[in-house]
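A.B. asks: Below is the structure I would like to discuss, written out as C-alpha cells.
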Amino acid sequence: LSRWKLRVITGRKGESKYLSMPICNSLVICNSALASAVFWVLFIRIIIMNNKFCPSVCLSVMAAVNKSVLFVCLGNICRSPIAEAIFRKLATDQGVVDKWMIDGAGVSDWNVGSSPDSRAVSCLKEHDIETAHKARQVTKDDFRTFDYVLCMDNSNLQDLKRKADKVSDCKAKIQLLGTYDPQHQDVIEDPYYGSEKDFERVYEQCLRCCKAFLAATS
C-alpha cells in the first residue's frame, strides 16, 4: 500500500489539515468518470474517519510524499514564496518533486490570501520560475505535518519555536534556511523596504540554501 494525502482547508482562518489514508498501488483509473467516483468515495471515507471538523473551501490531493518542508518568513509575500518556488523548481528538475510536500507560510496574518510581492514575482520570472502561491499564516497543524520548517531570520525562528512549544506532538525540525548556506550567511534579510537588487540578493541566497538543503535531504 502507498499513502495519499488530502489537504482540507477548514474555513477557520484558512487553517489546513493534512489527512492520509492508504490506497492500493494497483488501482488504475481508466476514465474521468471513474476517477471522479473513486475520488469522492475516498474523500467521504476520510471525512467519516475524521469527522471532528467540516471542510468548506478547497481540496487538493497530494500523492505518496515521504518528505515535507514549509518555508516561513514574516508575511509570506517576499522571502518564503521565493524560497518555496526555488525549491519546487529544483525538486522538479531533479525528478523528486513527487516525493516532497512543499509549502510556504508567514508568522503573521497580515497578508493572508495575498499574492507574493510584485518584486518577488518579477525576480522569479527573471529566472524562469513561476509562482501561484497565496499567503497564509502558520498553523499548529503545520508543526505536526511538516518534517522541516525553514525560516529566514532570528525573529522568525523565535516566533516559530514559541508557537511550537504550544504543540504537544510537534514533529517539525525548525531551522534557519541559512543554516544550509555554503557561504555561511545564516540570515536572509527582509527585502520589503529595499529595491529590486535586494530581492535578487534574497533569490541568490535562497538558491544556494535550497540546493544545499535538497542535497542534504536526498
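The values are calculated or read from the model by the stated rules, or taken from the named source; none is laboratory data. Just so we're clear, the structure is a prediction, and the values are computed from it rather than from any experiment. As a convention, Cβ positions derive from the backbone with ideal geometry for all residues, glycine included, and neighbour counts pool all protein chains shown.
A.B. asks: Which residue out of D165, D186 is free of Cβ contacts under 8 Å to residues at least 60 places away in the same chain and touching a strand residue (DSSP E or B) at 6+ places or on another chain (Cβ under 7 Å)?
C.D. replies: Step by step, each of D165, D186 is checked, and only D186 is free of Cβ contacts under 8 Å to residues at least 60 places away in the same chain and touching a strand residue (DSSP E or B) at 6+ places or on another chain (Cβ under 7 Å).
A.B. asks: Here is a list: F199, F213. Which entry is of a type outside the set (D, E, K, R), in contact with a strand residue (DSSP E or B) (Cβ under 9 Å, 6 or more places away or on another chain) and part of a helix (DSSP H, G or I)?
C.D. replies: Only one candidate qualifies: F213.
A.B. asks: For region 118-169, list the helices (runs of 4 or more DSSP H) that sit wholly inside it and hold at least 2 residues that are assigned by TED's automatic domain parsing to the domain that holds R79, polar (S, T, N, Q) and modelled with pLDDT of 95 or more; which are they?
C.D. replies: Correct list: 118-126, 154-164.
A.B. asks: State whether one or more residues within region 99-117 are part of a helix (DSSP H, G or I), of a type in the set (A, V, I, L, M, F, W, C) and either surrounded by 15 or more Cβ atoms within 10 Å (Cβ to Cβ) or more than 16 Å from the chain's Cα centre (by Cα) (or both).
C.D. replies: No: zero hits.
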